[in-house]
Every structure is written in C-alpha cells, then in structure tokens.
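Below is one structure; the comments refer to it alone.
The values are calculated or read from the model by the stated rules, or taken from the named source; none is laboratory data. All values reported here derive from a predicted model rather than from experimental measurement. No Cβ is skipped: glycine too gets one built from the backbone with ideal geometry, and neighbour counts run over all protein chains shown. SASA here: full protein model, heavy atoms, side chains in, ligands and nucleic acids out. Shrake-Rupley method; radii C 1.70, N 1.55, O 1.52, S 1.80 Å.
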Amino acid sequence: MSPCAGQNANQDPMGEIVFQNTLSGHKEPFVPLHPGQVRIYTCGPTVYDYAHVGNFRTFVFQDILRRFLRSRSFQVIQVMNLTDVDDRIIANAAAAGVGIREYTEKYIEIFLADRLALNLETPEHVVRATDHIEDMVKLIEQLTAKGFTYESGGSVYYRISKFPRYGQLAKLDFAGIQPGARVDVDRYDKADARDFALWKAPKPNEFFWNTRIGPGRPGWHIECSAMAMKYLGETLDIHTGGIDLVFPHHENEIAQSEAATGKPFVRYWLHAEHLLMDSEKMSKSLGNFLTLRQLLTGGIKPSSLRFLLAAVPYRSKLNFTEDSLQQAAKSVERLRTFAARLRTGTFPEGRSPMAERSVKARQEFEEGLEDDLNTAQALAAVFDLVREANIAMDGGEFRHEDVLAVQQTLEIFDEIFKVLVGDDAEKLRALGLADSAAFGDAEVEALVAERQAARKRRDFAASDRLRQELSDRGIVLEDSRDGGVRWKRK
Ligand SMILES: [Zn+2]
C-alpha cells in the first residue's frame, strides 16, 4: 500500500523519525548515509543452546525496526551473524564427539525455526563466523600494520592505549586506570588489563585454524567488525543488540573497526533493554530463563509472545510474567475479533465520522513509531480506535464506507506488529510442538547427552534447565551412582 494513500493527501502522516542513539546519549533525527537505503547490523546468537525469551525480545525489536523502516519506503539491508565458534561450542562439540559445524547446525536450525514462529523476517544476510575466518585475519593484519596489536603467548591482543576514544559508547572513563592494573582476572598475559584478544592461541588438543597470523581461533568481538564491514561497508547506519552488549562487545567493535578504517563505524547505536523474569534479569548465567519452546510447549501462543515482546518500547525494561502473557493473549484476541467483525458485519450505507477517526488513529500510530519506536503509544492509538469503532457498531452508527478506512489503518498496524492472522496452531505444528509424542528418541538422547556434558563441566544451571526441558516433554531422568543416566517416558 502506498504510504500516502487516503483522502487527506495534504495531511501527510509521515513525520521525522528519531532514534535514541546510545553513542550520543540522546534522540537524533534519523537520516541514512545512502538515501533510501538503511544498512543494519545485528549481533546474532551464539549457537550452542536454545535462545531464551530475553534474546527474542531483542530480535522482536529488530523486526519491528526493519518493518517500520520498510513501511517508510526505505530499502533495508540487515546482516545478522551467527557465532558458531567459542569456548563453550568447542568444549560441547568435543564432549559430544562431533565437529563444531555439526554441533552448531542443530541450534542454527532451531533458532531459524523459532524466528519463523514469531513472524521474524529473515535478515538479508545471515552469516556464520566460521565462514569468515579469512576476513577476520585480514582485519587483524590491518590493525597490526597500524600498530594496534601485540602478540603474547601465540594470541594477538588489541592495544587499547592506542585508541583514545575507547569508552565513548559505554560512557566509561578509563583515564584513571593504569596500564597493567589488574581490573579483571584473566589467564592471558596482557600488557594492559583492558586489552582484549583478537586472536586466541589454541589450548592443547583444541580445535584451531591454521592462518597467516598463526594457529588459533578468532575472538568474539573481531567477528562482528569483520562481518559487518564486509557486507555493509566501513560505516553502517544502525547497529543493534541487547543493552548488555554495549560493554565490552560493542565498545570493542568500535575500537577495532575505527582503528582499521579511520572512519566512523556506526552512526546510530540502538540497544534493547533487559527482559525481567518476575522482576529479575533473565540470563543464562542466572539460570532463570525460559526458551521459546518451553513457553510454547506450556500452552503459550506464538502471537501472544510476539505481542508482549513488541508492546513494551525497546528502551524500557520488560517484566515478563504469567499475567502479562495473558494480557497479551487477550489483546491479540481483541484485535482479531474486531478485524473479523469488520470483515463479516453488515453496516448501513454511507459514511460516519469513524472514517476520519481512523485516519487520525493512523497518524497517532505513525507518530508513536517515529518517536524512537514507541510501540506502547502506537498500540494505544490502535486500541482507542478499536474501542470507539466497537461502540459505534454497537450503537448502529458505524457505516459501510467506514469499513475500508478502518481496515486500512489495521493493515498498516499489522504490517509492523504481525499478529492479526490466526495461524498459531500452524506455527506450533511447524515446530513439531502440537503433538508432544512427536518428540522422538533421538531428540531425547541428544538432550540427555547435552545434560551429561553440562554436568561434567559443572554447569549446573544448564544441567537443571535441560532436565526441566526433558521433564516438560514427559521424560524422566534417573541418575545412577556411577555418574551415568537412564531415561524413560512418564
Ligand atoms: Zn556482535
């Protein structure tokens, strides 16, 4: 639909878009570097486990962002990385007796399927770190040529004292920290405690790549700099991620990229706030997290989840409770019922003030999203319209010609929020969740093996979570005294 469709061509509802930029600390008008095109980089998941609902909050925000920009006729080019190599992946794959690629493949498939269940569009480029080792090596070589690195024990480190702007994103002042001061405990020999590894030497019997800068594997931060610039150029429009990535990950991405190119790396940094689980931050290290599948298996509809994750503006903390999920389900139901009433109802000929009212709602909806994606304000505009239209329908005042006008506003809403189509059952079936008996022996064995690996490395949070996940699917575990385990169906 043309963004300017409607009776009031002179009353264009499209205003200026502003985003809260973490770098400047305030709202700024959004103007992309290349007219008509927006280049976005998104830090994707580390694929060694199921993504949890806190991760999906960030991914839903990114989806709202790209859909909104496209509704404003921008061409969106988004890159999302998949971190398919790190300490845990190397250890877990070795424990499972498979290669890194094989180990991560399963979690990548799960992640992409989970995204579809939440109506998340697939970014234009979804790229694996292990396919870009050469790009990372090149970038490290560039940094070395400019004197930003040093080698120690076979690893290559970034020398932060060479980059005076370090700390600008996280607003940290490092001036008082002496080089060499031990501000964190680390087993590597670094010249300065702040320095971080670009390239890590292999530990004995560990998987590694043989490269021009020696054997080893990339650090996490260099992955994102190399892949972002490869696909989007040296300066990106928008970089997104969860707020916990600001420091050190994004600070390090800036240091690496800007030292290598001498140009600004990112123009707008957009960070999504934490998701709180009954008022506590949800994170893997705390163990208080729920995977998407646990929620869906527990009877939550994909549309309720998407709605809840989208409804709270991304810069605000989102308190994830049973109650908020139920409210979200009711809201989606309300919208779907209203859309059906518009489709199937018969109304007297003519036109009422509701047609104009829907144009105003549309304008308020756009104003909400223009203001740093204030989804709460945008939704309030739509729900006000629904309430007033329902009252008009009940009172016999709603007219035939109002239908199209209100439908247009709903369509524009749903291009962004994507909850109106009642396809929850299909989504569950696509994930194989509608019938829990579809959970086969091979999948049980795989989860049991993973739990054993977690116990071995004394990761009890992961072990307990996997036990719970199996229990949710009707599998009971019996640990034996010799450290082995048996399982049976309840
Ligand atoms: Zn990243």
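Highlighted here are the helices (runs of 4 or more DSSP H) found entirely within region 263-355 that include at least 2 residues which are open to solvent by 40 Å² or more (accessible area, probe 1.4 Å) and β-branched (Val, Ile, Thr): 322-344. Considering each residue of region 441-452 in turn, at least one proves to be surrounded by 13 or more Cβ atoms within 10 Å (Cβ to Cβ), of a type in the set (Gly, Ala, Ser), outside any strand (DSSP E or B) and modelled with pLDDT of 80 or more. Residues that are without any contact (Cβ under 8 Å) to a residue 24 or more places away in the chain, open to solvent by 30 Å² or more (accessible area, probe 1.4 Å) and over 30 Å from Leu369 (Cα atoms): does region 390-408 have at least one? Checked against the condition, which is being without any contact (Cβ under 8 Å) to a residue 24 or more places away in the chain, open to solvent by 30 Å² or more (accessible area, probe 1.4 Å) and over 30 Å from Leu369 (Cα atoms), region 390-408 yields at least one hit. Within region 453-490, the set of residues being of a type in the set (A, V, I, L, M, F, W, C) and open to solvent by 50 Å² or more (accessible area, probe 1.4 Å) comprises Phe460, Trp487.
Applying the selection to region 414-426, what residues are part of a loop (DSSP other than H, G, I, E, B), at pLDDT 95 or above and open to solvent by less than 60 Å² (accessible area, probe 1.4 Å)? Correct list: Val419, Leu420. Of the set (1) in a loop (DSSP other than H, G, I, E, B); (2) under 29 Å from Pro313 (Cα atoms); (3) open to solvent by 30 Å² or more (accessible area, probe 1.4 Å), all apply to Glu411 but (1).
Could you list, in sequence order, all residues of region 253-289 that are modelled with pLDDT of 95 or more and at positive phi? Once the filter is applied, which keeps residues that are modelled with pLDDT of 95 or more and at positive phi, region 253-289 yields only Gly262.
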